[in-house]
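Below you'll find the structure, written out as structure tokens, and then a few comments.
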Number of protein chains: 2
Amino acid sequence: MTTPLRLGIAGLGTVGVGVLKLLTTHAERLKERSGRDIVISAVSARSKNKDRGVSLDEYTWEDDPVSLASRSDVDVIVELIGGEDGPAKALVEAALENGKHVVTANKALLAMSGQPLAERAEAAGLSLRFEAAVAGGIPCIKVLTEGLAGNEIDRVIGVMNGTCNYILTRMEAEGLPYEEVFAEADKLGYLEADPTLDVGGIDAGHKLALLSSIAFGTQVDFDGIAIEGIERIEIADIRHAADMGFKIKLLGVAKLTGRGLEQRMSPCLVPKGSPLGQLQGATNMVIFEGDASGQIVLRGAGAGEGPTASAVLSDIVDIARGYRVPTFGQPADTLRAARPAIAAAPAPFYLRMTLLDKPGALAKIATVLGDCGISIDRMRQMAHADRLAPVLIVTHKTTRTALDEAVSAMEATGVLQGTPVALRIEVI
Amino acid sequence: MTTPLRLGIAGLGTVGVGVLKLLTTHAERLKERSGRDIVISAVSARSKNKDRGVSLDEYTWEDDPVSLASRSDVDVIVELIGGEDGPAKALVEAALENGKHVVTANKALLAMSGQPLAERAEAAGLSLRFEAAVAGGIPCIKVLTEGLAGNEIDRVIGVMNGTCNYILTRMEAEGLPYEEVFAEADKLGYLEADPTLDVGGIDAGHKLALLSSIAFGTQVDFDGIAIEGIERIEIADIRHAADMGFKIKLLGVAKLTGRGLEQRMSPCLVPKGSPLGQLQGATNMVIFEGDASGQIVLRGAGAGEGPTASAVLSDIVDIARGYRVPTFGQPADTLRAARPAIAAAPAPFYLRMTLLDKPGALAKIATVLGDCGISIDRMRQMAHADRLAPVLIVTHKTTRTALDEAVSAMEATGVLQGTPVALRIEVI
Ligand SMILES: NC(=O)c1ccc[n+]([C@@H]2O[C@H](COP(=O)([O-])OP(=O)(O)OC[C@H]3O[C@@H](n4cnc5c(N)ncnc54)[C@H](OP(=O)(O)O)[C@@H]3O)[C@@H](O)[C@H]2O)c1
Ligand SMILES: NC(=O)c1ccc[n+]([C@@H]2O[C@H](COP(=O)([O-])OP(=O)(O)OC[C@H]3O[C@@H](n4cnc5c(N)ncnc54)[C@H](OP(=O)(O)O)[C@@H]3O)[C@@H](O)[C@H]2O)c1
């Protein structure tokens with residue numbers, strides 16, 4: 001294997017430029033580690049003349065990224081454009097068609113089309129790798145697919161959207177309302193073009209779907225994830241949670257149970273002192289629980305030029321070293337169809353609602369809960385100046401189904417203003 | 001690759017039995033993941049008739065483990081005997097001689113003979129892998145060698161001896177003296193046959209030497225590590241550290257500096273709230289700082305049947321999948337000789353000593369420090385009942401060399417009882 005490995009890189013934004021820089025500054029080191037030169041043959045992005053702070057003089061430019069896939073001087077397509085359709089998908093398909101390995105950071109594409117793409121890659125004996133798509137610089141795909149290959153995985157847990165964690169921890173630290181921190185994050189360029197991908201939990205959901213597939217040997221099932229975003233979290237929720245010894249995190253949890261595959265991505269209360277509870281800012285954390293390994297906790301930067309490029313390089317070096325591992329850890333055609341769990345395991349819940357201050361209002365709420373078979377652990381009506389009384393309830397273990405029923409019934413009583421916020425309390 | 005991968009397992013103790021169990025219970029899963037059957041051809045241990053809680057009926061028994069290496073029905077030798085010499089070394093050498101891949105959990109062997117063994121393996125195109133040798137169930141070798149292959153590694157930090165961390169955290173939690181917790185750990189079977197391997201920092205030193213080699217592309221240099229054990233830590237030190245916001249951990253640190261390769265394994269003060277500070281019990285933590293990835297923190301069980309077997313399986317599955325990566329991440333014959341740093345980077349230090357309660361004693365100590373160019377951040381003489389006054393000093397940044405000089409000079413003053421305890425305060 002002394003021939004160079006030749007790359008075609010599509011997308012020269014944050015990640016693409018990071019990859020270019022690493023390949024240049026670490027060329028010698030990469031050669032020592034992978035046993036061969038890793039070179040860039042050609043690149044592509046939208047605008048040829050944009051100043052990207054790096055020189056592209058030594059690489060052939062392609063206006064159309066898909067053309068990279070038919071170049072005879074390219075062994076590996078590195079797809080860093082993004083998007084579940086469009087040029088990214090066309091490029092990956094063309095690459096596999098033309099016998100090129102693919103490295104991508106594109107969680108949306110894989111969450112949507114991972115199954116057919118992986119099948120195509122494996123039928124052609126090609127690698128399709130995506131370390132950078134999940135949790136940025138943390139090599140969690142490798143840890144799960146290879147490092148824990150000897151385990152039955154019991155559970156996958158993760159905080160995998162740095163922007164949401166940034167928003168939540170900044171709201172807490174500065175006592176700022178959601179809207180203000182959101183606007184701030186937007187100004188700092190932390191949010192995707194469509195911010196609901198971040199704050200709506202969709203981006204993190206894509207990542208969870210990919211991890212689930214590897215962990216449980218099931219086909220990627222993004223639609224099977226119960227997703228809730230952080231949009232309705234108020235500073236009051238963060239404060240109440242803190243009073244009770246919890247933090248609020250946008251938490252992904254996946255496990256294979258007798259009732260089917262449980263996958264959820266939602267804001268949850270986690271113990272303040274736990275590794276998850278202590279996660280600050282844009283940092284990500286991924287936890288795997290294996291039957292033999294026990295709990296393995298991984299922490300690191302979830303995004304950014306350097307960390308994401310580091311993950312892309314890990315895949316490239318594997319390919320340079322001649323390593324071929326199936327995209328989802330076992331041949332894609334052996335992955336079982338995911339059977340979504342009918343309901344998540346019961347848990348205690350945190351409920352916050354606003355009561356119209358009428359006589360008997362609180363009693364009505366308590367009655368509804370009782371009628372739905374939900375018992376109350378704690379209940380508190382907050383001091384209030386106007387006619388709207390904030391009420392806080394912590395339930396004993398109950399199912400999400402019972403809780404949703406109760407919430408509908410509560411709204412029907414006419415004593416509430418707005419819809420209650422319900423957050424699961426996760427025992428880690 | 002539809003032929004089975006055939007193993008010869010030597011050593012059927014904690015780890016060996018764990019590996020047997022995983023191979024049996026997870027046979028189907030392992031086949032799906034690695035694309036072929038993984039089978040055990042033959043096994044060996046000291047006593048054939050020992051009850052190990054697992055059946056060995058289906059495997060050929062070899063009285064002499066080294067004989068496994070010449071069996072034609074064995075592709076991979078799994079060495080789980082232990083020890084830097086003796087049958088473990090003889091077996092690994094014979095295996096490489098006879099064209100068998102080797103998977104081992106033996107840090108002592110690799111820390112001592114890793115270089116020649118890796119060279120031999122690579123010359124023969126064989127794998128020599130050791131995931132289980134460092135930090136038990138945490139796939140840290142894989143993360144460093146493969147997951148972070150695109151980085152220049154700035155620093156490696158780790159708490160990698162579970163027994164020491166168990167002793168230190170238990171002393172703190174229960175307020176028990178070192179001797180008592182040591183005896184307890186011994187009774188629980190937590191200590192190696194030669195306990196200085198654990199509490200003397202040698203076992204953790206072996207692990208650090210292996211990580212350093214991969215991180216910095218240098219030959220394994222165990223002798224270059226400045227090693228101190230935890231034997232002199234008293235409950236008083238743990239309490240004083242806690243008062244100042246620190247925990248005491250047996251900490252390994254390696255970095256490549258302009259002054260050479262700095263490697264040390266010693267009890268240090270780390271901030272209470274940091275991931276390292278929060279590490280309880282026998283858990284291990286390994287931190288890699290890459291120039292692109294930033295800080296990657298890995299946490300998990302550092303020992304035990306399941307976690308260690310999980311790591312062994314990771315290596316076996318890699319071999320089954322056809323992956324060949326050099327033992328230390330780049331060909332062993334390209335590793336540079338390590339040039340040990342003359343001195344570690346300066347740091348603040350914690351000093352505890354016992355002063356004979358004579359007039360002017362404290363002044364003498366302060367003078368010695370001043371003479372050695374060490375400035376004092378805090379100094380406190382504790383209340384005491386007898387003529388022995390405990391004194392606590394926190395210095396500003398200074399070198400270990402200056403500190404060692406100062407300690408000698410202090411002892412020469414004749415106002416001390418015993419030798420001061422000096423602990424580095426590590427800024428993570
Ligand atoms: N940023 C992160 O921290 C991060 C972390 C993990 C994963 N990812 C993933 O990595 C991928 C890239 O993200 P990014 O942050 O680097 O995005 P980005 O900064 O927006 O860059 C996207 C690049 O794609 C090019 N591009 C867009 N549409 C194109 C088209 N139709 N034809 C050709 N080129 C086109 C753009 O060209 P111009 O520059 O000419 O406009 C740009 O260079 C995405 O899948 C993302 O989800 C990013
Ligand atoms: N235990 C852990 O948690 C852990 C974690 C990481 C790494 N490791 C490493 O894994 C290796 C094994 O550790 P372990 O805890 O499993 O040790 P163990 O429980 O003491 O088992 C050692 C095994 O080796 C066999 N053995 C000893 N001397 C032998 C000889 N001369 N010929 C043939 N067999 C011999 C013993 O046979 P008998 O059973 O017949 O006496 C026993 O089965 C060591 O290198 C250790 O450092 C252990």
Net +/- balance of residues flanking residue B:332 in space, Cβ distance below 12 Å, scoring K and R +1, D and E -1: -2
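Could you compute the FRET efficiency for residue A:387 and residue A:345, with r as their C-beta to C-beta distance and R0 at 60 Å, rounded to 0.05?
Details: r = 39 Å, r/R0 = 0.64.
Step by step, r from the Cβ atoms, then E = 0.95.
Give me the percent of DSSP beta bridges within chain A that run antiparallel, rounded to the nearest 5. Mind dumping the intermediate values first?
Details: 48 of 72 bridges.
Of those bridges, close to 65 percent are antiparallel.
At a probe radius of 1.4 Å, figure out the A/B buried accessible area, summed over both chains, and give it in Å² to the nearest 100.
Numbers: alone 17640 and 17610 Å², together 31290 Å².
What A and B bury together is about 4000 Å².
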At 7 Å out from Cα toward Cβ: residue B:86 inter-copy label distances (nm, ascending): 6.4
For segment B:355-428 versus segment A:254-274, the gap between their alpha-carbon centres in whole angstrom: 52 Å
Sulfur and carbon atoms: percent of accessible area, chain B [1.4 Å]: 50 percent
Residues in segment B:257-296 occluded by at least 10 Å² - accessible area, probe radius 1.4 Å, against chain by itself: B:275, B:278, B:291, B:292, B:293, B:295, B:296
Shortest-first nm distances, residue A:52 label point to equivalent points in other copies (7 Å, Cα→Cβ): 5.5
Folded to 0 to 90 degrees: helix B:14-25 orientation relative to chain B principal axis, Cα: 40 degrees
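Considering only Cα-Cα distances, which of the following residue pairs are longer than 20 Å: B:50/B:89; A:31/A:89; A:207/A:255?
Values: B:50/B:89 23 Å; A:31/A:89 30 Å; A:207/A:255 14 Å.
Correct reply: B:50/B:89; A:31/A:89.
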Probe 1.4 Å, all protein chains present, accessible-area order of B:72, A:213, A:67, largest first: B:72, A:67, A:213
FRET efficiency for residue B:193 and residue B:70, using Cβ-Cβ distance with R0 set to 41 Å, rounded to 0.05: 0.90
Occluded residues from segment B:144-181, i.e. those whose accessible area drops by 40 Å² or more once the chain is not alone (1.4 Å probe): B:146, B:147, B:149, B:150, B:152
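Take peptide B:135-143, look around each residue's Cβ out to 10 angstrom, count Cβ atoms belonging to other protein chains, and average those counts.
Average per residue, whole number: 5.
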Stokes-Einstein diffusion coefficient of the protein assembly as shown, Kirkwood radius over Cα pairs, 10 °C, 1.306 mPa s, in µm²/s: 55 µm²/s
Size of electric dipole in chain B: Cβ of Lys, Arg +1 and of Asp, Glu -1, about Cα centre, debye, nearest 20: 860 debye
Inter-part distance where segment A:186-236 and segment A:150-176 are each reduced to a Cα centre, Å: 11 Å
Along principal axes, Cα extents of segment B:97-152, largest first, whole Å: 32, 24, 18
With all protein chains modelled, accessible area of residue B:186 [1.4 Å, Å²]: 90 Å²
Accessible area of segment B:349-425 divided out per residue, in Å², using a probe of 1.4 angstrom: 47 Å²
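Could you work out the relative contact order of segment A:312-428, using alpha carbon pairs under 8 angstrom and six or more residues apart, expressed as a whole percent? Please report the intermediate quantities before stating the final value.
Details: 157 pairs, mean separation 39.9, N = 117.
Computed over segment A:312-428, the figure is 34 percent.
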Taking chain A and dividing mean pair separation by its residue count, relative contact order in percent (alpha carbons under 8 Å, at least six apart): 16 percent
Net charge over other residues, Cβ less than 14 angstrom from the Cβ of residue A:56 (K, R count +1; D, E count -1): 0
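Compare B:203, A:154, A:221 by solvent-accessible area with a 1.4 Å probe and give them largest first, with all protein chains kept in place.
Numbers: B:203 5, A:154 75, A:221 30 Å².
The most accessible residue leads, giving A:154, A:221, B:203.
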All-pairs Cα distance distribution in segment A:202-253, expressed in whole percent, bin size 10 Å: 22, 39, 25, 14, 0
Local electrostatic count at residue A:112 - Lys and Arg +1, Asp and Glu -1, tallied over other residues with Cβ under 10 Å: -1
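Percent of alpha carbon pairs in segment A:349-425 separated by more than 15 Å? Intermediate values should be presented prior to the final figure.
Values: 1415 of 2926 pairs.
In whole percent, the share of Cα-Cα pairs in segment A:349-425 beyond 15 Å is 48.
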Value at 222 nm in deg cm²/dmol, rounded to 500, when DSSP H runs of n ≥ 4 in the protein assembly as shown each add -39,500 (n - 2.57): -10000 deg cm²/dmol
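What per residue convex hull volume, in Å³, do the alpha-carbon atoms of segment A:260-319 yield? Kindly include the intermediate steps, with their values, before the conclusion.
Working: hull volume 9.3 nm³, N = 60.
It is 155 Å³ per residue.
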Near-label residues of segment B:377-395 by backbone N, under 11 Å of a point 7 Å along Cα→Cβ of residue B:417: B:385-390
Cα lying deepest toward the dipole's positive end in chain B, options B:102, B:351, B:8, charges on Cβ: B:351
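With all pairs of different alpha carbon atoms counted, what Kirkwood hydrodynamic radius in Å does segment A:141-302 show?
Values: mean 1/r = 0.0624 Å⁻¹.
Evaluated on segment A:141-302, it is 16.0 Å.
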Set of lysines with alpha-carbon distance to residue A:364 below 20 Å, sequence-local pairs under 8 removed: none
In Å, descending, principal axis extents of the Cα set of segment B:1-107: 37, 32, 25
Copy-to-copy label separations for residue A:405, where each label sits 7 Å from Cα toward Cβ, in nm and ascending: 7.9
Segment A:327-346 versus segment A:277-296: alpha-carbon centroid distance in Å: 21 Å
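Skip the ligands, DNA and RNA, and give the accessible area per residue of segment B:141-302 with a 1.4 Å probe, whole Å².
Values: 4910 Å² over 162 residues.
Here the residues of segment B:141-302 average 30 Å² of exposed surface.
Other chains' Cβ within 10 Å of A:304-311 residues: what's the mean? Can you show the working numbers first?
Values: counts 3, 1, 7, 7, 2, 4, 11, 5.
Per residue, the average neighbour count from other chains is 5.
What ratio of Cα Rg to 2.2 N^0.38 Å holds for chain B? Don't skip to the answer; put the middle values down first.
Details: Rg = 23.7 Å, N = 428, 2.2 N^0.38 = 22.0 Å.
Ratio of Cα Rg to 2.2 N^0.38 Å: 1.08.
The values are calculated or read from the model by the stated rules, or taken from the named source; none is laboratory data. Keep in mind it's a predicted model, so treat the numbers as computed, not measured. Ideal geometry is used to build each Cβ from the backbone, glycine not excepted, and the neighbour counts take in all protein chains shown. Ligands, DNA and RNA are stripped out before the accessible areas are found, and what is left, the full protein with its side chains, is counted by its heavy atoms. Shrake-Rupley method; radii C 1.70, N 1.55, O 1.52, S 1.80 Å.
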